[in-house]
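Remarks on the structure that follows.
The values are calculated or read from the model by the stated rules, or taken from the named source; none is laboratory data. Small disclaimer: the values here were computed from a predicted structure and weren't measured. FYI the Cβ positions are ideal-geometry reconstructions off the backbone, even for glycines, and counts take in every protein chain you see. Only protein heavy atoms, including side chains, enter the accessible area calculation; ligands, DNA and RNA are left aside. Shrake-Rupley method; radii C 1.70, N 1.55, O 1.52, S 1.80 Å.
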Amino acid sequence: MIQVIINGLLIGAVYSLIAVGLTMIHGVMKIVNFAQGELLMVGMYVTYVLYGAFVAEGSAPYFLIVPVCIIMFLFGALVFKVSVSHVVGKSETSYIILTIGMSYLLRYGFQMIFGSNYQSIPVSESLKFGSITIGGIVFTTTRLIAFFAALIFTIFVNYLLSSTDIGRAMRATSENKTVATSLGVNAKIVYIVAFGLGTVFAGVSGLLVTPLYMIYPSVGAVFSTIAMSAMVLGGLGNIKGAMIGGMIIGVVEALSSTYLTTNVSQIFINLVLILILIFKPYGLFGKGVRIA
Amino acid sequence: MNMLKMDKVCAGYGDLKVLFDISLEINEGEVVALVGSNGAGKTTLLRTISGEVIPTSGSIKWLGMELTKLPENKRAVNGIAHIPQGRGILASLSIKDNLLLGTYTKRTKPRRAELLENALQMFPILKERLNFPAGSLSGGQQQMLAIARAMMMAPKLLILDEPSLGLAPVVVDDVYRILDVMKRQGSSMLVIEQNLTKALSISDRGYVLETGHMQMTGPSKELLNNKDIQKAYLGI
Ligand SMILES: Nc1ncnc2c1ncn2[C@@H]1O[C@H](COP(=O)(O)OP(=O)(O)OP(=O)(O)O)[C@@H](O)[C@H]1O
Ligand SMILES: [Mg+2]
């Protein structure tokens with residue numbers, strides 16, 4: 001039982017990271033990005049391509065994290081510039097159509113380029129199945145690395161938002177764009193940074209799960225649902241909530257797929273989500289709608 | 001030499017015309033009051049300066065530069081600080097973060113520590129609560145925070161939209177005492193008020209706006225003693 005919960009927490013950290021990216025985009029520009037899972041898929045393929053080109057077969061993909069971050073940030077900035085920027089602050093609902101459309105475009109675009117076959121990166125057996133045991137509990141190496149990497153990124157976001165000028169500008173823009181602008185903040189740049197970082201977090205999550213999952217064009221769908229659930233569960237627009245939401249979903253998924261079957265984990269995730277929303281309609285850390 | 005010069009500015013919201021041929025000047029070191037009743041267009045006039053509303057005609061010159069063509073966020077770096085109606089504090093951010101955002105631009109960032117110290121010296125209440133959310137402050141304290149944040153911007157011109165709105169009379173006096181200190185330190189200000197006596201008592205010159213038209217202008221003392229104004233605004 002403890003073993004299963006630990007497994008869930010480890011992978012849950014990755015879900016948290018995806019949800020944190022989603023929350024960041026939502027917090028700053030009031031947009032739910034329905035293509036977040038597809039951005040993760042892009043991150044997986046970027047990892048796949050870079051691995052094929054530059055990494056000796058069998059070695060770990062982790063040092064690709066730097067190029068993946070850079071490529072994903074630029075990709076996110078581009079996606080924002082050509083599409084998302086046109087709907088920010090314009091209408092309450094047009095972003096839904098836009099980001100859903102974008103998710104299909106990415107999915108089928110990548111299918112055209114890479115085909116719909118399942119791919120994987122040829123990491124060594126020792127990495128893939130390696131583990132360390134502490135106090136009778138087995139920590140799979142890949143999951144452990146994913147956990148700490150996701151944790152470091154999440155801590156980085158918290159630091160960025162709480163203690164840097166661009167972080168303050170992001171929070172200011174989120175609360176009141178007009179006031180932020182009058183203080184000298186360029187909202188366009190804030191939006192690009194927020195979307196770029198949201199994309200980086202999705203892409204890095206993609207890299208972290210490549211040793212664990214197969215790579216295929218529609219892999220994003222699963223992660224979109226998970227990230228969306230984690231974000232709602234934690235309370236929309238709340239970074240801490242998204243983190244804990246991701247962990248909870250990791251644990252629920254691990255428990256249900258271990259004690260029942262893998263196929264039912266989605267049902268249980270949604271069940272937990274519904275239960276929490278019944279008792280806390282704005283999510284675990286949500287503050288609800290602020291009046292005035 | 002005037003810092004700000006509005007010349008025959010017309011503006012509105014879509015089809016709604018609010019301002020008609022507005023001309024207004026502010027000289028360096030001067031405190032100017034803009035008064036007028038509800039819905040006269042005072043806030044709209046400020047929004048044409050802050051770039052939120054773009055004039056349909058006319059020009060606004062700031063130190064010789066055409067303001068209407070300047071991106072909205074470039075006011076701060078050019079020395080214009082605007083405290084909007086309703087104070088414009090960022091309630092979910094801490095008091096400290098609100099203050100630090102006053103030095104967001106490269107013009108004031110290098111002086112951040114010094115400006116923060118000055119602001120906190122002037123407003124000791126804020127010092128005790130630096131890490132509390134700004135939304136936890138009372139209305140009067142929020143107005144102090146808004147002024148403190150504007151001071152952090154080391155502005156050449158400070159624009160205030162109804163600083164006394166919704167405050168208890170004692171607190172209004174506090175706010176005006178601070179504005180008076182700033183005036184004596186040489187700050188240029190444009191103060192908007194419905195409260196005519198307050199605004200004209202602190203200012204050197206005044207403008208009276210009525211339904212989008214500039215009705216009258218002159219030294220504040222003269223406006224205060226003007227029979228028509230007394231009748232229309234003070235009910236004397
Ligand atoms: N965002 C807006 N969109 C459309 N019309 C507006 C908007 N803001 C103000 N108005 C209209 O413009 C006119 C002038 O409003 P404005 O807020 O400039 O007046 P004011 O002099 O500041 O009034 P008050 O003393 O009540 O603040 C009013 O008729 C108002 O209804
Ligand atoms: Mg007004």
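Which pairs in the list A:Lys280/B:Lys127; B:Lys8/B:Lys231; B:Lys183/B:Lys221; A:Lys90/A:Lys188; A:Lys90/A:Lys177; B:Lys106/B:Lys156 are over 24 Å apart, alpha-carbon to alpha-carbon?
Over 24 Å Cα-Cα: A:Lys280/B:Lys127; B:Lys8/B:Lys231.
Residues with beta-carbon under 15 Å from that of A:Ser229, excluding A:Ser229: net charge, scoring Lys, Arg +1 and Asp, Glu -1?
Local charge sum for A:Ser229: 0.
With the crude spin-label approximation of a point 7 Å out along Cα→Cβ, what separation in nm comes out for A:Thr262 versus A:Val138?
Between A:Thr262 and A:Val138, the label points sit 1.6 nm apart.
With +1 on the Cβ of every Lys and Arg and -1 on the Cβ of every Asp and Glu, and nothing else charged, how large is the dipole of the stretch A:2-279 about its Cα centre, in debye rounded to the nearest 20?
Once rounded to the nearest 20, the dipole reads 500 debye.
Can you give me the pair-distance distribution of the stretch A:1-110, C-alpha pairs, 5 Å bins, whole percents?
Calculated over all Cα pairs of the stretch A:1-110, the distribution is 2, 10, 17, 20, 17, 14, 10, 6, 3, 1 percent.
With charges set only on the Cβ (+1 for Lys and Arg, -1 for Asp and Glu), what does the dipole of the protein assembly as shown come to about its Cα centre, in debye to the nearest 20?
So the dipole magnitude of the protein assembly as shown works out to roughly 380 debye.
Leaving out same-chain residues fewer than 8 places away, which aspartates and glutamates sit with a Cα under 14 Å from that of B:Lys69?
Partners found: B:Glu52.
Give me the one-decimal nm value for the distance between modelled label points at B:Gln85 and B:Ser23, 7 Å along each residue's Cα-to-Cβ direction.
2.6 nm
Residues of the stretch A:53-90 with backbone nitrogen within less than 14 Å of a virtual label 7 Å along the Cα-to-Cβ line of A:Ile152, please, listed as ranges.
Label zone hits: A:61-69.
Could you report chain B's accessible area per residue, 1.4 Å probe, as an integer in Å²?
Ligands and nucleic acids excluded, the result is 44 Å² per residue.
Could you look at the protein assembly as shown and say what percent of its accessible area is carbon and sulfur, using a 1.4 Å probe and all protein chains?
Carbon and sulfur atoms account for 62 percent of the accessible area of the protein assembly as shown.
Under 1.5 on a/c is rounded, so check that first for the stretch A:88-171, then, if it is not, pick prolate when a/b is larger than b/c and oblate when it is not; a ≥ b ≥ c are the square roots of the alpha carbon gyration tensor eigenvalues.
oblate
Taking the Cα atoms of chain B alone, what are Rg (to one decimal) and Dmax (as a whole number) in Å?
Computed over the Cα atoms of chain B, radius of gyration and Dmax are 17.4, 51 Å.
On the first, second and third principal axes, largest extent first, how far apart are the outermost C-alpha atoms of the stretch A:2-279 in Å?
Ordered largest first, the stretch A:2-279 gives principal extents of 57, 48, 34 Å.
Per residue, how much accessible surface does the stretch A:1-140 expose to a 1.4 Å probe? Answer in Å², no decimals.
Result: 47 Å² of accessible area for each residue.
Determine how large the accessible area of A:His26 is when every protein chain is in place; take a 1.4 Å probe and give Å² rounded to the nearest 10.
30 Å²
Going by a ≥ b ≥ c, the root eigenvalues of the Cα gyration tensor, does the stretch A:160-292 fall in the rounded group (a/c under 1.5), the prolate group (a/b larger than b/c) or the oblate group?
oblate
What is the gain in length, in nm to one decimal, between A:Thr178 and A:Ala53 on full extension, counting 0.36 nm per residue of separation less the C-alpha to C-alpha distance?
Contour length minus the Cα-Cα distance gives 40.3 nm.
Calculate the translational D of the protein assembly as shown in whole µm² s⁻¹ from Stokes-Einstein, where the hydrodynamic radius comes from the Kirkwood formula applied to all Cα pairs, the temperature is 20 °C and the viscosity 1.002 mPa s.
83 µm²/s
Chains B and A: how much accessible area gets covered up at their contact, both sides added, probe 1.4 Å, in Å² to the nearest hundred?
1700 Å²
Determine the shape class of the stretch A:210-263: with a ≥ b ≥ c the square roots of the Cα gyration tensor eigenvalues, call it rounded for a/c under 1.5, and otherwise prolate if a/b is greater than b/c, oblate otherwise.
oblate
What FRET efficiency comes out for the pair A:Thr225/A:Asp165, r = Cβ-Cβ distance, R0 = 35 Å, nearest 0.05?
After rounding to 0.05, the efficiency reads 0.50.
Can you compute the FRET efficiency between A:Leu271 and A:Ser218 using 1/(1 + (r/R0)^6), with r the Cβ-Cβ distance and R0 = 30 Å? Round to the nearest 0.05.
The value I calculate is 0.80.
Mind checking the dipole of chain B: about its Cα centre, +1 per Lys or Arg Cβ, -1 per Asp or Glu Cβ, Debye to the nearest 20?
For chain B, the charge dipole is close to 580 debye.
Compute the FRET efficiency between B:Lys61 and A:Ser120 as 1/(1 + (r/R0)^6), taking r as their Cβ-Cβ distance and R0 = 56 Å, and round to the nearest 0.05.
Calculated transfer efficiency: 0.30.
For chain B, what does -39500 (n - 2.57) per DSSP helix run (n ≥ 4), summed and divided by total residues, give at 222 nm, in deg cm²/dmol to the nearest 500?
Rounded to the nearest 500, the figure is -9000 deg cm²/dmol.
Of A:Phe148, A:Ser94, A:Gly198, which is farthest on the positive side of the dipole of the stretch A:2-279, counting Cα position, with +1 on Lys and Arg Cβ, -1 on Asp and Glu Cβ, and the Cα centre as origin?
Of the options given, the answer is A:Ser94.
Largest first, what is the accessible-area ranking of B:Asp173, B:Asp161, B:Asp21 with a 1.4 Å probe?
From most exposed to least exposed: B:Asp21, B:Asp173, B:Asp161.
Going by amide H atoms built from the backbone, whose H comes under 5 Å of the H on B:Gly218, apart from near neighbours?
B:Gly206
What does the net charge come to around A:Ala146 if you take all other residues with beta carbon closer than 15 Å to its beta carbon, with K and R at +1 and D and E at -1?
For residues surrounding A:Ala146, the net value is +1.
Could you list log10 I(q)/I(0) for the stretch B:1-108 at q = 0.19 Å⁻¹, which the Debye formula gives when each Cα is one point scatterer?
Here the Debye-derived log intensity ratios amount to -1.08.
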